[in-house]
Amino acid sequence: MPITQAREIAAASRLENVRYAIRDLAVLADELTRQGHRILPLNIGDPINFDFETPPHLIETVYKAMKDGKNGYAPSQGIPQALEAIRAEGTRKGITSVQDAFVTTGVSETVDICLAALLNPGEDILTPSPDYPLYSAVLAKLDIRLNTYWLNEDDGWQPDLMDIHKKITPRTRAIVLINPNNPTGAVCSRSMLEQIAELARRHNLVIFADEIYDKLILDDEKHVSMAAASPDVPVVTFGGLSKNYLAPGWRVGWGIVSGDAAAVKPYIEGIHRLLRSRLCANHPEQYAIKAALEGSQHHLVEVRKKIRSRRDLTVKWCNSTPRVSCVSPRGAFYAFPRLDIPEGDDVFVKELLVQKHVLVVHGSGFGQKPGTNHIRIVFLPDEKILGKAYQSIAEFIQKRYS
Ligand SMILES: Cc1ncc(COP(=O)(O)O)c(C=O)c1O
């Protein structure tokens, strides 16, 4: 008699808190596509889905690396030429106290490793709300309770300093700052960074500075790196090839650790342990890091021009459409407009998808103040597609709520 195993295999209960709203409606969208509808996808921040291309010199570099036999495991920390280029990039960003750099499988893995290397059971880190959901997913995986601070919509989605101050406890180890921000598009001023750094200094916190969009600043201002504004504070700055260099599928990210050398030493050792335990990041793609950071930056001029024009169209639409209002995004390619509607934004996005075939993400999937409703729009599609999507959303609002 063959032995059969018929009992259900339960997944770990801590996974109940792992959510990724950005892909929540994917199943329904697939079903509608199968029925023959064409979905306008304004939900995923992947430039390659639209009229953006990975710079050819990066593709050539990776292809050459593969042909040259760079197909085995790489060093756990990353290949030397990539590490050198990342450190030099840290210096260009104004970081004067770089202590370490390492390469990961996308910033997603930088976050995974940096949080796992820091947190003991019972401790917490402060994450923004609204939040890029990766952070809460990793925290759920580590069985760490959420401790969120508000981003203040009335202040252009800047971090609420009073709230951060209030939420720091003796068990708080770090604070996450996403700048430029996903989902709001906000960019922090130097003065804001200095005030956050002062709180970190006083409470011995690490700052995780997620700066994956640092080259996508849309107005005439300069991005200020958190670690440049606070050289003495322990900061891990996150960067990668997914957004600035239009290669999200390569899964290449990195971390730059800065601060006082003696203070960050044990933490760096912890990070290195975890880096070794997962062998290495993708090998041939790492050759593109130096080519990206030190080669032509020409594509960025075009990218910024396109997304600036699409941002302007988005903001104009938001502010001229009844029941919609929006803080103008200053970086990245997301808008987080507020909806004045008598039902939840989760219902809104589902019905919008079913009736108009436009896919956006509900604000409640990122976290928002009780009683408010939002949607996140990815404004990467060209003006024609965006115009069509916005017209459909306006018609939907008009019909549903008038
Ligand atoms: C703020 C932020 N951090 C990290 C990531 C993950 O990036 P990666 O593709 O490098 O894993 C994203 C992706 O959208 C993001 O928006």
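Given their separation in residues at 0.36 nm each and the Cα-Cα distance between them, Lys222 and Lys305 gain 28.3 nm when the chain is fully extended. What the Cβ-Cβ distance of Lys265 and His37 gives, at R0 = 60 Å and to the nearest 0.05, is a FRET efficiency of 0.60. Restriction of the trypsin sites (Lys or Arg not before Pro) in segment 65-113 to DSSP coil positions whose beta-carbon has at most 16 other beta-carbons within 10 angstrom yields Lys70. For the chain, find the longest principal axis of its Cα atoms and tell me its angle to the long axis of helix 298-320, 0 to 90°, nearest 10. In the chain, helix 298-320 runs at an angle near 40 degrees to the longest axis.
Length available on full extension from Asp312 to Asn120: 0.36 nm per residue minus the Cα-Cα distance, which gives 64.7 nm.
Extending 7 Å from Cα along the Cβ direction at Ala88 and again at Ile9 yields two label points whose distance is 4.8 nm. Given +1 at the Cβ of Lys and Arg, -1 at the Cβ of Asp and Glu and no other charges, the dipole of the chain around its Cα centre is 360 debye to the nearest 20. Positive contributions from Lys and Arg (+1) and negative ones from Asp and Glu (-1), summed over other residues with Cβ under 10 Å from the Cβ of Pro180, come out at 0.
What range in the chain is the longest one free of chymotrypsin sites (Phe, Trp or Tyr not before Pro) that are in a loop by DSSP and have at most 15 other Cβ atoms within 10 angstrom? The reported range is 74-402. Computed extension gain for Val347 through Asp382, at 0.36 nm per residue and net of the alpha carbon distance, reaches 9.9 nm.
The simple spin-label model puts a point 7 Å past each Cα toward its Cβ; for Leu161 and Ile44 those points are separated by 4.0 nm. Over the Cα atoms of the chain, the radius of gyration divided by the Kirkwood radius equals 0.97; this is the Rg/Rh ratio.
Judged by the gyration tensor of its Cα atoms, with axes a ≥ b ≥ c, segment 92-215 is rounded; a/c sits under the 1.5 cut.
Residues in segment 156-166 carry Karplus couplings, in order, of x, 6, 6, x, 8, 4, 4, 5, 4, 4, 5 Hz; the curve used is 6.51 cos²θ - 1.76 cosθ + 1.60 with θ = phi - 60°, and Gly or Pro positions show x. For segment 269-351, compute Rg over Rh where Rg is the Cα radius of gyration and Rh is the Kirkwood radius from the inverse mean 1/r over Cα pairs. Reported Rg/Rh, Kirkwood definition of Rh: 1.21. Between Ala101 and Val257, the built amide H atoms are under 5 Å apart, and every one of these is 5 or more places off in sequence or on another chain.
Computed from Cα positions, the angle between helix 56-67 and the longest principal axis of the chain comes to roughly 50 degrees. Applying a 4.7 Å Cβ-Cβ cutoff to the chain, the cysteines left without a disulfide-compatible partner are Cys114, Cys188, Cys280. I want the local charge near Ala74. Using Cβ-Cβ distances under 15 Å, sum +1 for each Lys or Arg and -1 for each Asp or Glu among the other residues. For residues surrounding Ala74, the net value is +1. Normalised by the number of residues in segment 163-269, the average gap of Cα pairs under 8 Å and 6 or more apart makes the relative contact order 22 percent.
Based on Cα contacts under 8 Å between residues 6+ apart, segment 5-119 shows a relative contact order of 13 percent.
Taking the fewest neighbouring Cβ atoms within 10 Å as the starting point, the ordered list for Thr105, Thr314 is Thr105, Thr314. Using alpha carbons only, how many degrees (0 to 90, rounded to 10) separate the axis of helix 80-92 from the longest principal axis of the chain? Approximately 70 degrees, to the nearest ten.
FYI, it's all coordinate maths here, none of it is from the lab. All values reported here derive from a predicted model rather than from experimental measurement. Cβ: placed from backbone, ideal geometry, glycine included. Neighbour counts: every protein chain shown.
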